[in-house]
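The values are calculated or read from the model by the stated rules, or taken from the named source; none is laboratory data. Note that this is a predicted model, so its numbers are computed, not measured. Counting neighbours? That spans all protein chains shown, and the Cβs are built from the backbone with ideal geometry, glycine included. Only protein heavy atoms, including side chains, enter the accessible area calculation; ligands, DNA and RNA are left aside. Shrake-Rupley method; radii C 1.70, N 1.55, O 1.52, S 1.80 Å.
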Amino acid sequence: MRIGMGKAAIRNCSYLHSPRVCSDMKVRLAKALILSRVLYGASTLTLKAGDLKKYDSLRRSIWRAMLNIRWQDHVSNERLYEMIGGRWCFSSSDIIRRKTMWLGHAARQGGIARAVIGGLPAGTRQGPGRPLLRWVDNIRSWSGLSSVELVEASIQHEEIKPISLHHQHNLRSRGLRRVLSYEET
């Protein structure tokens with residue numbers, strides 16, 4: 001994970017802590033100096049739910065540094081959201097968007113990239129134990145589509161929209177495996 005590099009960049013960037021620099025310039029500096037390091041290669045990472053929480057924690061750390069909020073000040077996340085007026089530098093949805101864009105690129109290239117997205121070839125046996133989380137599993141869980149439907153949508157340049165977490169929970173709790181059409185999302 002590149003989150004450690006981002007936190008080190010926050011500590012080393014004195015402009016983010018300066019009261020003489022306006023907040024709009026701080027946002028631009030954070031995007032250039034911190035997020036370029038953090039989001040480099042994020043489209044190829046396999047992310048778990050805990051990793052997305054760490055990215056969201058980093059985005060709050062960036063804003064706390066820009067507003068000179070120390071941990072001793074006991075500012076809640078809700079209060080921080082009110083202070084910044086909903087202007088986040090980035091969110092975990094940016095990583096999801098980058099992954100879906102890369103999926104479209106790989107699916108349209110064809111060849112081995114498309115085969116990898118489709119899964120294991122027929123006749124291959126899975127080893128013992130729980131299967132490892134794959135890159136395409138992230139996108140399948142976020143979109144609610146199967147691998148074949150993801151490839152077809154990517155080839156046709158259709159936008160792959162992630163379904164909401166609330167909707168995913170409802171589908172799992174009722175034991176349903178439902179494919180959403182693009183009009184429903």
Residue pairs meeting the criteria (Cβ under 9 Å; at least 6 apart or on separate chains; first free of Cβ contacts under 8 Å to residues at least 12 places away in the same chain and open to solvent by 40 Å² or more (accessible area, probe 1.4 Å), in the range 57-68; second part of a helix (DSSP H, G or I) and hydroxyl-bearing (Ser, Thr, Tyr)): none
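Residue by residue through the range 99-129, note down the ones that are among the charged types (D, E, K, R) and in contact (Cβ under 8 Å) with a residue 40 or more places away in the chain.
Within the range 99-129, Lys99, Arg108 meet the criteria.
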Scope the range 35-49; condition of a type outside the set (S, T, N, Q) and out of contact with any Gly (no Cβ under 7 Å at 6 or more places or on another chain); matching residues: Leu35, Leu39, Tyr40, Gly41, Ala42, Leu45, Leu47, Lys48, Ala49
Where Tyr40 falls short, out of the listed (1) open to solvent by less than 70 Å² (accessible area, probe 1.4 Å); (2) within 27 Å of His105 (Cβ to Cβ): (1)
Boolean, Cys89 is over 28 Å from Ala106 (Cβ atoms) and surrounded by 13 or more Cβ atoms within 10 Å (Cβ to Cβ): no
Hits in the range 11-33 (condition: more than 18 Å from Ile84 (Cα to Cα) and under 21 Å from the mean Cα position of the chain (by Cα)): Ala32, Leu33
Those residues of the range 130-144 which are in a helix (DSSP H, G or I) and either touching a residue at least 24 places away in the same chain (Cβ under 8 Å) or at positive phi (or both), in sequence order: Trp135, Val136, Asp137, Asn138, Ile139, Ser141, Trp142, Ser143
The range 69-78, residues that are surrounded by fewer than 12 Cβ atoms within 10 Å (Cβ to Cβ) and under 22 Å from Val21 (Cα atoms): Arg70, Trp71, Asp73
